[in-house]
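What follows is a single structure, written as structure tokens, with notes after it.
The values are calculated or read from the model by the stated rules, or taken from the named source; none is laboratory data. Since we're looking at a predicted model, the values are computed, not measured. Backbone-built Cβ (ideal geometry, glycine too); neighbour counts: all protein chains shown.
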Amino acid sequence: MKPIEETLGHSFQKPELLEEALCHRSFVNEQGEEGMRDNERLEFLGDAVLNLIIGHLLMERFPLLAEGELSRTRANLVNESRLARIAADLSIGAHIRLGKGEQQSHGQQKKSILADALEAIIAAVYLDGGFPAAFSLVQRLFDRHLRPDRLPAGSGDPKSRLQERLQAEGGAPPTYRVVQESGPDHDKTFHVELTANGLSAEGCGKSKKAAEQDAARQALETMDELTADFDSR
């Protein structure tokens, strides 16, 4: 188990916990050994531990996100597909003990099996090293997914998302200025200019707030384009 312990950055005092976390029920059913347990109980605990830690990290890193947005963002971060990708990046599949049938059907690559194993491993680390060890593991595994520019679309309103992103990059908050009002008093359209750290954007809307949100949305799109151009170099 040493290679996977090095990958996880945790040395188990109780290696049987890691063994259980990597034991799929298909393997247990085939072996039929007394006392052998699959990873489903650990998966149950790991799901709770993971949600708690991700919730803590989101509260800490994104103080402007409202409760509903926090819940939606957390759900996106801990869904099966993302957990499976993280497990695959760690080569967890190569260590999962599967029954012959699952092996033949490439069970080590199945999203559900990978995601469940990762949650079970988180629980194993929690039981072996306590909450600090589990927190450190989850923080390390999810750190790149918790950057403002990596949050899923719709996580927070555009103004909040822009401010979070600028703060994360060490920039000053954006400023908004109404540059034009058009239309009759009962049906006005507001045009707002946003400036922030050399970035500018314009937005319009039927209220100042709506125009500011539109400007923030335009600024976020520009920042995404600049980031994509930089990454492609």
>> For residue 87, only one of the following conditions fails: (1) within 21 Å of residue 144 (Cα to Cα); (2) over 13 Å from the mean Cα position of the chain (by Cα); (3) modelled with pLDDT under 90; (4) not aromatic (Phe, Trp, Tyr). What is its number?
In response: (3)
> What are the residue pairs meeting all of these: first residue in segment 209-224, first residue farther than 12 Å from residue 163 by Cα, second residue aromatic (Phe, Trp, Tyr) and modelled with pLDDT of 85 or more, Cβ atoms under 7 Å, and 6 or more apart or on different chains?
Replying inline: 211/190; 212/176; 215/176
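Rundown of residues vs (1) in a helix (DSSP H, G or I); (2) over 23 Å from residue 63 (Cα atoms); (3) modelled with pLDDT under 90, yes/no style:
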residue: 176; (1), (2), (3): no, no, no
residue: 191; (1), (2), (3): no, yes, no
residue: 229; (1), (2), (3): yes, yes, yes
residue: 233; (1), (2), (3): no, yes, yes
> Restricting to segment 62-79, what's the tally of residues that are surrounded by fewer than 16 Cβ atoms within 10 Å (Cβ to Cβ) and farther than 23 Å from residue 118 by Cα?
Replying inline: 5
